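The values are calculated or read from the model by the stated rules, or taken from the named source; none is laboratory data. The structure presented is a predicted model; accordingly, all values stated were derived computationally and were not measured. Every residue, glycine as well, gets a Cβ built from its backbone with ideal geometry; the counts of neighbours run over all protein chains shown. Remember, those area values only see protein heavy atoms, side chains included, never the ligands or the DNA or RNA. Shrake-Rupley method; radii C 1.70, N 1.55, O 1.52, S 1.80 Å.
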Amino acid sequence: MAATSTTSLKLDRAVKERVNRLATLRRRSPHWLMREAVEQYLEREEKREQLREDARAAWAGYQATGLHVTAVEADAWLAKLEKG
């Protein structure tokens, strides 16, 4: 099991009430719900950041080499993949 540490989180009353209500509906603790929300947010944002990094690298590669694929070429390639 991974080591854990306590973190304090200040929520305004309305947000805290929403968390408590949803936790009750889901039959989970507010702690579980908030931890799950943070984990999902991090996963989503890390994927977005990786996409940005990949796009920057692709752009740099294009600028350095001029190599690219047209939309028609990409569509033809994808059609071949679909056929198996």
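Sort 72, 38, 15 by heavy-atom solvent-accessible area, probe 1.4 angstrom, most to least.
Details: 72 115, 38 80, 15 55 Å².
The ranking, largest first, comes out as 72, 38, 15.
Each residue was assigned an accessible area with a 1.4 Å probe, and for residue 46 the value is about 120 Å².
Against the longest principal axis of the chain, how steep is helix 13-26, in degrees 0 to 90 to the nearest 10, with axes from Cα atoms? In the chain, helix 13-26 runs at an angle near 80 degrees to the longest axis. In plain terms, the chain from residue 29 to residue 55 could stretch by 5.4 nm, reckoned as 0.36 nm per residue minus the Cα-Cα distance.
Taking every protein chain into account, the 1.4 Å probe leaves residue 28 with about 120 Å² of accessible area, to the nearest ten.
The heavy atoms of residue 75 present about 100 square angstrom of accessible area, all protein chains included, probe 1.4 Å.
The simple Förster model, with R0 at 41 Å and r as the Cβ-Cβ distance, assigns residue 78 and residue 8 a FRET efficiency of 0.25.
Please report, in whole Å³, the volume per residue of the convex hull around the C-alpha atoms of the chain. Let's see the in-between values first.
Details: hull volume 22.0 nm³, N = 84.
Taking the convex hull of the Cα positions in the chain, it is 262 Å³ per residue.
Relative to the dominant Cα principal axis of the chain, helix 30-65 is inclined by about 20°. Residue 69 to residue 41: FRET efficiency via 1/(1 + (r/R0)^6), r the Cβ-Cβ distance, R0 22 Å, to the nearest 0.05? It comes to 0.10.
Give me the dipole magnitude in Debye, nearest 20, for the chain about the Cα centre, with unit charges on the beta carbon: positive for Lys and Arg, negative for Asp and Glu. Don't jump to the answer; show the numbers that get you there.
Values: 16 positive and 13 negative charges, 145 e Å.
About 700 debye.
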